[in-house]
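Read-outs throughout are calculated quantities, based only on the coordinates presented, and are distinct from any laboratory measurement. This one's a predicted model, so the numbers in the text were calculated from it and none came from an experiment. Here the Cβ positions follow ideal geometry from the backbone for every residue, glycine too, while neighbour counts run over all protein chains shown.
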Amino acid sequence: MHATVGLIGAGGIANAHLPAWLDLGYDVAVYSTADDADALIGRHGGGRAVHSLDELFDAADVVDICTPTHTHYELALAALGHALPTVCEKPLTRTLDEAEDLVARFAAAGVPLFPAHVVRYFPEYVELRRAVARGDIGRVAVQRHTRQGRSPRNGWYLDEPLSGGVLLDLMIHDIDIARWVGGEVARVFARTNVVDGSQSTQAFLTHLGGSISVLTATWTTAPIDFRTSFEVAGSDGLLHGDSDERRPFRYQGKAEPEADILPDFSPLTSPYRAELGDFLDSIASGLAPRVTARDGLEAMRIADAVARSAVSGLPIDLELTS
Amino acid sequence: MKIAVVSFAHLHATEYVAALRRFGGIEIAACDAGYAGRPVAEEGGPELAAKLGIGYFETEEELWAWRPDGVVICAENVRHHELGLRAAAEGVHALCEKPLATSTAHAAEMREAARAAGTVLMTAFPVRFAPSYADLRAAVRRGDLGQIVSIAATNCGGVPTSRDWFVDPARSGGGALTDHVVHVADLLADLLEDDPVEVYAIANTIPNPGVDVETAGLVSLRYRDGVIASIDCSWSRPPGRPNSGDLVTLTVIGTEGVAEIAPFADVLTGWNHQGALAHGWGAPLDDLLIRAFLDAVRAGESRQPDAMAGHRTTALVEAAYRSLADQASSPLEIR
């Protein structure tokens, strides 16, 4: 008898989570309001479609919310109503108020809530954090984190009230990483520029203890490859990573990439397998996972300040919680 | 033609002398009056002049009396103002090491003095001559990038150790913000043909600690058409680092394309038993700058990067320091 995860949503990120759940030995019940659950299941050769949320919650031991951002809050509350441990794709919610409420309610009920900030499980960022913690570069001084890609062509991402734009889709990752590497954030300043379907946000963070960070997140209508990079400088050295450098495989030639091709899934290297496995381990052990609900909430608190600063043009001081 | 180098305080002087010598047919002399006051380990004075193979004057008065056609000002930052005004008063053309001045008021006075005297005043921004920058500029002008959305710029190095005045604010005017914002600010001004209207800055003294000035800085700019830009100007590289070719970088995000330049990326790399080998082999930017200055001296009219390039970048740095003091975004208006 396998345990079952109730996977809500069958879009982009569900394609990363489904094979990881299958590899973890879970039965997967998929519910989607879009007509895409069967296609997802067919593509990965596992899982079964269910036809209502009630059916999903009845079957599930764990819930995994992979839906558009603005729906996270209500779905997570519904999962909490069934006292089910819940994975919520980042950002935790669309608004800070929702995030605060959600985290407080799960904590009060003693039900685990896991914000899926998967970048903490990407090996180059794991290595970055490990090197900083080991003292390789002394005390952290300046971080630069960049994340850029082609503007999504899928409607809801570009709808600011639904998605929160490039800030909540891309920058939220680097907000979490900058805080993970550089500690709590005391002050936030940001600027955003939107030109039709393109947008950049640049956020300037002052961490408790004085280190500083600049985060740049960009969607552009130009046909560019997705790319992430960082440089972390300390009192005695610096660390640098760039997804565009040192690629183990490159190809230039006539062959066209096949449409809808699945990236190879390996249980040993998939950061999605690592994050979901970490959550399951934390439920079993009662120890905190690498990313806690509070981490997801603090990322939202900083993101909210980024959005407000970009509108007001003023730096925003954050009150530090616990 | 006679060109004088005023002071070896900034060791770019040696690069400029080497470039001047390569052009040939130029009488070159220098005065390094501050030499005696410097730490023993800092080379300069008549010995350095002899090593460079150029003439030497014991006093700056003798240098001005030599009646040079042009001077290259390589004194400590806070002396640029006095020397720029003197060059104009003497009717001598000048190329001034960056930053042009340590205050906007001083930069404006220098610019006005040169204008009134009819002399050339140029600012030493050699990166303006980088072929990669020319390519970027052309791509932007052609429309390859569409409409520009944002720019991320970096100019990160180590703490200058060749001269101790860099970390003495009374002589340098400041640390990493003073030293490293202006090069990329000059590129941005030329690329966008505009100045930012708002400047925000944050800084600390964490990298390479132990000096009295900021060693890390981040600057945020907003332009009137909505374009945003960031500058990392930190002295964040540890001593002994190999040349990784990333001294200056610019990433320009547009609606139709994204362009990146790294004008110092031309580095031959390798290893031996002592560790990494890294030798830059890029275009001779100092030679290109000196050629533009000599051309300006001959023509009697300025070439780029001119006094205005120095003025507007000085004003931007001043706004960054104002933002640090106020802990708020600072408006910038350049006249």
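At a glance:
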{"read-out": "Simple Cβ-charge dipole of the range A:4-118, Lys/Arg +1 and Asp/Glu -1, about Cα centre, in debye nearest 20", "value": "240 debye"}
{"read-out": "Per-residue Cβ neighbour rank within 10 angstrom, fewest leading, A:V103, B:V211", "value": "B:V211, A:V103"}
{"read-out": "Footprinting exposure proxy for A:R294, B:R222 (fewest neighbouring C-beta atoms within 10 Å first)", "value": "A:R294, B:R222"}
{"read-out": "Cα Rg over Rh - the range A:4-118, Kirkwood", "value": "0.95"}
{"read-out": "Spin-label zone in the range B:152-184 - amide nitrogen under 19 Å from a point set 7 Å from the Cα of B:A41 along the C-beta vector", "value": "B:158-169"}
{"read-out": "Least to most buried among B:C233, A:C88, B:C156 (fewest other Cβ within 10 Å first)", "value": "B:C156, A:C88, B:C233"}
{"read-out": "Percent of C-alpha pairs per 10 Å bin, the range B:2-125, short to long", "value": "14, 48, 32, 6, 0"}
{"read-out": "Overall form of the protein assembly as shown per C-alpha gyration tensor (a/c, 1.5; a/b vs b/c)", "value": "prolate"}
{"read-out": "Most fluctuating residue given options A:D38, A:D225, A:D136, as computed from a GNM of chain A linking Cα atoms under 10 Å", "value": "A:D225"}
{"read-out": "Rounded if a/c under 1.5, otherwise prolate or oblate - the range A:121-268, Cα gyration tensor axes", "value": "oblate"}
{"read-out": "Selected from A:G296, A:G182, A:G237 as most flexible by GNM, with chain A as the system and alpha-carbon contacts under 10 Å", "value": "A:G237"}
{"read-out": "Exposed chymotrypsin sites (Phe, Trp or Tyr not before Pro) absent: longest stretch of chain A, with sites in DSSP loops and at most 15 other Cβ within 10 Å deemed exposed", "value": "A:1-225"}
{"read-out": "Exercise: per-residue mean of other protein chain Cβ atoms within 10 Å, B:219-226", "value": "3"}
{"read-out": "Residue mean of other protein chain beta carbons inside 10 Å, A:139-148", "value": "5"}
{"read-out": "Average other protein chain Cβ within 10 Å of Cβ, residues A:217-224", "value": "5"}
{"read-out": "GNM result for chain A, Cα springs below 10 Å: residue of A:L287, A:L53, A:L158 fluctuating most strongly", "value": "A:L287"}
{"read-out": "Within the range A:30-46: backbone nitrogen closer than 11 Å to the A:H82 label point (7 Å, Cα to C-beta)", "value": "A:30-31"}
{"read-out": "The protein assembly as shown - mean residue ellipticity at 222 nm from DSSP helices (-39,500 (n - 2.57) per run, n ≥ 4, rounded to 500)", "value": "-10500 deg cm²/dmol"}
{"read-out": "The range B:50-116: GluC sites (Glu not before Pro) in DSSP coil with no more than 13 other Cβ atoms inside 10 Å", "value": "B:E58"}
